């Protein structure tokens, strides 16, 4: 399975996302923001960082990168896409996910090891978890406060599209403690905390982050098995 | 959509350039070399620029005429204290003379940063620098550009920067001006470092009224490079092209080194905000990536970062290092403001710029790499030959066909004035040293000891620093093995082998005030020990020497003593000083700060998997054995206890035995290799009590200890050379045998327990919840966020907890800074809701967008 990791000018966790995908067992393809060719990858990770410095709204410029134009099209066609932190912001700016990430309520950048409860497990990026599973994953952001209108929030909850919530403290003031959401099809997930920083005992607070990357490999394997099965009928 | 500025051709510009200006701001054009020759008697403002009369005379002598306005500005900058080290040079020589260079050092003092080889093919480079005055004037940008500057030093050596650390010192924690400075400094460090993608892995936060009018913001960075990628600053190769890479040049930071860094603060500090540079971390990130790509492609013949003194420093140093000349066309420099004069262009300290020397055939390739990353790159000059008689070449700079500079570059870069300043022991030192803390009243009963522990761990210097450190990204790059609050930051360098480094940076201004020689050695010993307790082998040293005015003989004595102490210490430990920084004029009016030598020590791991953490591990079964390495004597002078409970500073600092420290380090390295130790924590500020509390709270593991006679001294003495270790059962014998082999005294303290209580037998028992409440509450209460902390603890009472750390009963030391503090209060209005006006504004204000590519 080939997972593409996009590098924008100002991407910072692209190397970490690539490492995490590799540890999960994927072949990693580094994608360049200026290149619209996705090189046939099976899934894409938009990594954390400060694309274009994020001097404008976070993700507002990256959303228009040539690579993003292709990714937006492909995501609408079912390509699994995971946006982490700045990647989540980009997905919101691209309208692949509803709502927006705004400045942390307390106005500080905050980095801490954060407990989450995984709720929506029917996505390409969270199927390796069990619903209700509590995981420990670093959070680090200055603009991670998830906001959306009430109707959207109600819909996200009603449709089981809240992938994870903050528990034991909300680090940024996100509405309804939302840490991660998915689109209607479940192939696009945005997550504010950083699963790629919890994949090795040596450097992370846990190995809980790995599940997001093994999930997509399972989803892809399932999809290709299904496709093969279909082909034989 | 275009994301990249046009960098296609050398002299062609897409932004402002000086040539766009139709009218010169000078009548009849700039002050040229020709004009200087014909108007020898024109009065020049050399005094205003910080040059002494005899220095000015020497410039005239060197040039054989009066300098032009641009030349005068260049000399004033390069001969400033900050750039020329004119007061410190005679002392700093000891670092080279005494300390062994060792076999690992690939580059040392005089380079942008020292380079230390850590394996056959890899090297690391690290250095600590000050950005004190800018950070006081403009906390956010001052601190941010401090990070940016040190990172470019690392980058200039050919390394990829991989982490930062920040030793910080502020005035009293509860002083209103600290509430202005600290949040801005922390946000600036975070804002820049986080956006650059560099983990912040440690540092220090110290509060003391001595720093009220002059906080210390030091920044350390470390980078890694393949040995063969080491870069040099020499502008070698006649005909090579001089390329300016990175941000455009603006009017920010003009006079930064001469005005801000090389003079004492006065009431006009606020007016100097324009002297502070403004940072753009995004541009720096692009600069890093483009430089690394250029290095790897072998396209760079020489490189130098632009920091203090801007183009002036970079042009003169690169040319002087090679002995060549240089011809520069200043109108080619891309500008933010079209109306900048040649002098301003030369003096600007605009951030995020590098100067490259490239061969003509590589120029196109260099420009295209810059274009890929969306970074400006402009050929502004070329390398010219040395004189035919073998004399060094000349630096000739023109601006729109006017030659405004024609100087021997070495006269600026290397041949600045050198002073052997008068030194005199401070008059009050004898009395100060006689006023020992060992005679102060002490807590006697168990209850009093318990109350003292709670008061100490809640005091600003000893309390939990999470409020600060959680504003820094410690995870980015995925190689952080240990970070604050651990004794050292530990980084994995090589994923395949586990090769890594440990870094710690320490200093104690109070100890240095009592005895600068011993204070410097104590700082070295502590940083060395902090590295050693993780199991790493300490190999090299960097330093940032923060002192008052060198024109004060008492300060100069402190400086001379501290340098002597550090040089002697490095010689004894066998660790070379690879580079560093001197920061003078840290004083307000006549009141100098405590002499504050800050020492960084680098250690090496063959495999970081064997690092030893500071926290006690959750016990399985009977718990680990707790042992104390080293000996405790009654050493309370200069201690945190004396300061917190009595507001006392006097006596002599603890003794330091560097031979013992060296053996202790060897013991810890062996214990780490053989896996004999499950946790280890250095004893320093606050003594054993602090170490026990910190090691317990880290993973919420209790401890039961029994102390030898005089529990108070055992708990609060700050004797050097001590380490608290946890040894899993079954390893005790082996560990003690090892300690005996290295002749390190060991005493048994007790065991770790699953019950979350710190119990000191026959004295007191302290629940970890209670300890945590005291330890964690202080900074949120002082700087905001205590309600949220209470939330997190599920304890609504917590926020209102009045267990305030008693502000020290201020003694003589404080009096000298009280007036300065009061002056600052009026200069820095604090908004009613407690959010410092400056910090709040900066957080919301976007950085300058004129460098942001078009969307």
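Within the range A:127-152, can you find the residues that are within 14 Å of another protein chain (Cβ to nearest Cβ), outside any loop (DSSP other than H, G, I, E, B) and either more than 16 Å from residue A:117 (Cα to Cα) or free of Cβ contacts under 8 Å to residues at least 40 places away in the same chain (or both)? Full working, then the answer.
From the range A:127-152, those within 14 Å of another protein chain (Cβ to nearest Cβ) are A:136-145; that's our starting set.
After this cut, where a residue has to be outside any loop (DSSP other than H, G, I, E, B) as well, the list is A:136-141, A:145.
Correct list: A:140, A:141, A:145.
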Report summary line: Taking the range B:119-134 and keeping residues under 12 Å from the mean Cα position of the chain (by Cα) and assigned to a helix (DSSP H, G or I) leaves B:132
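Please go through the range B:618-637 and pick out each residue that is modelled with pLDDT of 95 or more and in contact with a strand residue (DSSP E or B) (Cβ under 6 Å, 6 or more places away or on another chain).
B:624, B:625, B:626, B:627, B:628, B:629
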**Report entry** Residue identified as within 14 Å of chain B (Cβ to nearest Cβ), in contact with a helix residue (DSSP H, G or I) (Cβ under 6 Å, 6 or more places away or on another chain) and outside any strand (DSSP E or B) among A:173, A:204
**Finding:** A:204
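Results for (1) in a loop (DSSP other than H, G, I, E, B); (2) under 36 Å from the mean Cα position of the chain (by Cα); (3) modelled with pLDDT of 95 or more, shown as yes or no for each residue.
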site: B:726; (1), (2), (3): no, yes, yes
site: B:734; (1), (2), (3): no, no, yes
site: B:759; (1), (2), (3): no, no, yes
site: B:772; (1), (2), (3): no, yes, yes
site: B:776; (1), (2), (3): no, yes, yes
site: B:787; (1), (2), (3): no, yes, no
Query raised in the report: Can we say residue B:201 is part of a strand (DSSP E or B), surrounded by 24 or more Cβ atoms within 10 Å (Cβ to Cβ) and within 14 Å of chain A (Cβ to nearest Cβ)?
Result: yes
**Report entry** Selected residue [within 14 Å of chain B (Cβ to nearest Cβ), touching a residue at least 40 places away in the same chain (Cβ under 8 Å) and either in contact with a helix residue (DSSP H, G or I) (Cβ under 6 Å, 6 or more places away or on another chain) or over 25 Å from residue B:475 (Cα atoms) (or both)] from A:75, A:62, A:124
**Finding:** A:62
Report task. Could you please let me know if residue A:137 is in contact with a helix residue (DSSP H, G or I) (Cβ under 9 Å, 6 or more places away or on another chain), surrounded by fewer than 15 Cβ atoms within 10 Å (Cβ to Cβ) and closer than 28 Å to residue A:200 by Cβ? Result -> no
Requested in this report: Could you check residue A:213 against (1) within 14 Å of chain B (Cβ to nearest Cβ); (2) modelled with pLDDT under 95 and say which number it fails?
Outcome: (2)
Report summary line: If we take the range B:478-528, then strands (runs of 3 or more DSSP E) inside it with 3 or more residues that are closer than 30 Å to residue A:209 by Cα and over 17 Å from the mean Cα position of the chain (by Cα) are B:480-482, B:489-492
Query - Filter result for the condition that a residue is away from every other protein chain (no Cβ under 14 Å), over 26 Å from residue A:10 (Cβ atoms) and part of a helix (DSSP H, G or I), over B:314, B:319, B:379, B:365 - result: B:319
**Report entry** Candidates A:34, A:15, A:40 - the one that is within 14 Å of chain B (Cβ to nearest Cβ), free of Cβ contacts under 8 Å to residues at least 40 places away in the same chain and assigned to a loop (DSSP other than H, G, I, E, B)
**Finding:** A:34
Query raised in the report: Mind checking whether some residue in the range B:165-177 is in a helix (DSSP H, G or I), surrounded by fewer than 24 Cβ atoms within 10 Å (Cβ to Cβ) and within 19 Å of the chain's Cα centre (by Cα)?
Result: no
Report task. State which residue is surrounded by the most Cβ atoms within 10 Å (Cβ to Cβ) when the search covers only the range B:274-304 and only residues that are in a helix (DSSP H, G or I) and away from every other protein chain (no Cβ under 14 Å). Result -> B:291
Query - Condition met for residue B:615 (assigned to a loop (DSSP other than H, G, I, E, B), within 30 Å of residue B:753 (Cα to Cα) and within 14 Å of another protein chain (Cβ to nearest Cβ)) - result: yes
Requested in this report: Return yes or no: is residue B:119 in contact with a helix residue (DSSP H, G or I) (Cβ under 8 Å, 6 or more places away or on another chain) and touching a residue at least 40 places away in the same chain (Cβ under 8 Å)?
Outcome: no
Report summary line: Residue hits (the range A:78-95; under 13 Å from the mean Cα position of the chain (by Cα) and either within 14 Å of chain B (Cβ to nearest Cβ) or not in a loop (DSSP other than H, G, I, E, B) (or both)) are A:81, A:82, A:83, A:84, A:85, A:86, A:87, A:88, A:89, A:90, A:91, A:92
Report task. Return the only residue of B:225, B:182, B:230 being within 14 Å of another protein chain (Cβ to nearest Cβ) and more than 14 Å from residue B:473 (Cα to Cα). Result -> B:182
Query raised in the report: Can you find even one residue in the range B:466-481 that is in contact (Cβ under 8 Å) with a residue 24 or more places away in the chain, surrounded by 24 or more Cβ atoms within 10 Å (Cβ to Cβ) and more than 14 Å from chain A (Cβ to nearest Cβ)?
Result: no
Query raised in the report: Taking residue B:65 and the conditions (1) over 20 Å from the mean Cα position of the chain (by Cα); (2) assigned to a helix (DSSP H, G or I), which numbered condition does it fall short on, given that it satisfies the others?
Result: (2)
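Condition check ((1) at pLDDT below 95; (2) under 23 Å from the mean Cα position of the chain (by Cα); (3) within 20 Å of residue B:581 (Cβ to Cβ)) across all residues:
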{"residue": "B:241", "(1), (2), (3)": "no, no, no"}
{"residue": "B:245", "(1), (2), (3)": "no, no, no"}
{"residue": "B:253", "(1), (2), (3)": "yes, yes, yes"}
{"residue": "B:287", "(1), (2), (3)": "no, yes, no"}
{"residue": "B:290", "(1), (2), (3)": "no, no, no"}
{"residue": "B:294", "(1), (2), (3)": "no, no, no"}
{"residue": "B:308", "(1), (2), (3)": "yes, yes, yes"}
{"residue": "B:312", "(1), (2), (3)": "no, no, yes"}
{"residue": "B:322", "(1), (2), (3)": "yes, no, no"}
Query raised in the report: For the range B:540-551, how many residues are touching a helix residue (DSSP H, G or I) at 6+ places or on another chain (Cβ under 9 Å) and surrounded by fewer than 24 Cβ atoms within 10 Å (Cβ to Cβ)?
Result: 2
Requested in this report: Mind listing whichever residues of the range A:96-112 are under 18 Å from the mean Cα position of the chain (by Cα), closer than 13 Å to residue A:54 by Cβ and within 13 Å of chain B (Cβ to nearest Cβ)?
Outcome: A:102
Requested in this report: Test residue A:56 against the stated conditions and say whether it is surrounded by fewer than 22 Cβ atoms within 10 Å (Cβ to Cβ), assigned to a loop (DSSP other than H, G, I, E, B) and away from chain B (no Cβ under 14 Å).
Outcome: no
Query - the range B:691-724, subset surrounded by fewer than 20 Cβ atoms within 10 Å (Cβ to Cβ) and assigned to a loop (DSSP other than H, G, I, E, B), residue modelled with the lowest pLDDT - result: B:709
Report task. List the helices (runs of 4 or more DSSP H) that sit entirely inside the range B:405-462 and contain at least 3 residues that are surrounded by fewer than 16 Cβ atoms within 10 Å (Cβ to Cβ) and at pLDDT 95 or above. Result -> B:429-434, B:446-457
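The values are calculated or read from the model by the stated rules, or taken from the named source; none is laboratory data. Worth saying up front: this structure is predicted, and the values here are computed from it rather than measured. Here the Cβ is made from the backbone with ideal geometry for all residues, glycine too, and neighbour counts use every protein chain on show.
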